[in-house]
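The values are calculated or read from the model by the stated rules, or taken from the named source; none is laboratory data. The shown structure was predicted, so the numbers you read here are calculated from the model rather than taken from an experiment. Methodologically, a virtual Cβ is constructed for each residue, glycine included, from the backbone with ideal geometry; neighbour enumeration extends over all protein chains shown.
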Amino acid sequence: DYKKGQIILKKNTTITAPNLLALKSLGIKNIKVYQKPTIILFCTGNEIIDNVKINNKVINSIPEYIKSFSEKLNFKFIYLGILKDNVKQLHSKFRKIQSIKNVIIVSTGGVSAGHKDFIPQVLKKNKFKVIFHKILMKPGRPTLFAIKKSSYYFGLPGNPISTIVGFHFLITPLLLRLQSKILKLKNGRMLQNYKKNKKLTLFLRGKTNNKTLKILSGQESFRIKSLVNANCWIKLNQKKSIIKKGSRVDYYDY
């Protein structure tokens, strides 16, 4: 029922099962598509461990969290495990990773100012160009971003919420851009007053109902409960230190 010259798929269309059916029925075997992005994640730190709880160790929950978005955001996910705070081990891993094209490399931990935070020097040794290190955003201020040819690198802080904010509001926009999409922003009305540092952009866990917004308690970057109870991220921009009840602010569905 398609006529000669009729467009079957428009540019930037996400291909679905009906699209494939139409293409196959019309005898079209090959079409040009965007390459599916790949996220390669490794975590750093002597204090974290995968799976089993051990005294004085923190269970690493970030790989499962990021992987859970791979279908929704359409990316391949590879987890390389936990690397100890060791310069030689990190350097060896980077040499292997950077040979992969069109990849987003993500690490957690190792980007703050501590004496064991080796990531910046490893990047320099592997000739990555650092675009920024530290950003006026909370949580996630120590974040580092670097590039080398077709590889992108995000160094995220080790605290869970800092990592998650970096994933949603730095990495996700890049993932979408590589697929000619954008992150959808909404606008709502605050249900409370809120005081903040006017130099920083804040991403806060919140509740939205009919475009009204409530900031949840427990906003520290190590607290998980408020994330579980949230259904949106409230974005409070720079330049304002006091956000009054009834003010209109931006938010993202979660």
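Worth pointing out:
- Residue selected from the stretch 60-110 under the condition in a loop (DSSP other than H, G, I, E, B), modelled with pLDDT of 80 or more and among the hydrophobic types (A, V, I, L, M, F, W, C), by the criterion farthest from the chain's Cα centre (by Cα): F75
- Exclusive hit being modelled with pLDDT under 95 and over 26 Å from V58 (Cβ atoms), set K239, K214, K195, K207: K239
- Among the residues making up the stretch 225-247, a single one is more than 11 Å from G188 (Cβ to Cβ), of a type in the set (V, I, T) and surrounded by 13 or more Cβ atoms within 10 Å (Cβ to Cβ): I243.
- Here L20 fulfils each of the conditions (1) in a loop (DSSP other than H, G, I, E, B); (2) within 27 Å of N102 (Cα to Cα); (3) more than 21 Å from the chain's Cα centre (by Cα) apart from (1).
- Filtering the stretch 111-162 to residues that are under 18 Å from S92 (Cα atoms) and in a loop (DSSP other than H, G, I, E, B) leaves V111, K116, D117, F118, N126, K127, F128.
- Among the residues of the stretch 133-149, those identified as over 14 Å from I171 (Cα atoms) and either polar (S, T, N, Q) or surrounded by fewer than 14 Cβ atoms within 10 Å (Cβ to Cβ) (or both) are K134, L136, K149.
- Scanning the stretch 175-187 for residues that are part of a helix (DSSP H, G or I) and buried (at least 16 other Cβ atoms within 10 Å of the Cβ) turns up L175, L176.
- Any chance V165 is touching a residue at least 12 places away in the same chain (Cβ under 8 Å), of a type in the set (A, V, I, L, M, F, W, C) and either farther than 29 Å from I243 by Cβ or in contact with a Leu (Cβ under 6 Å, 6 or more places away or on another chain) (or both): no
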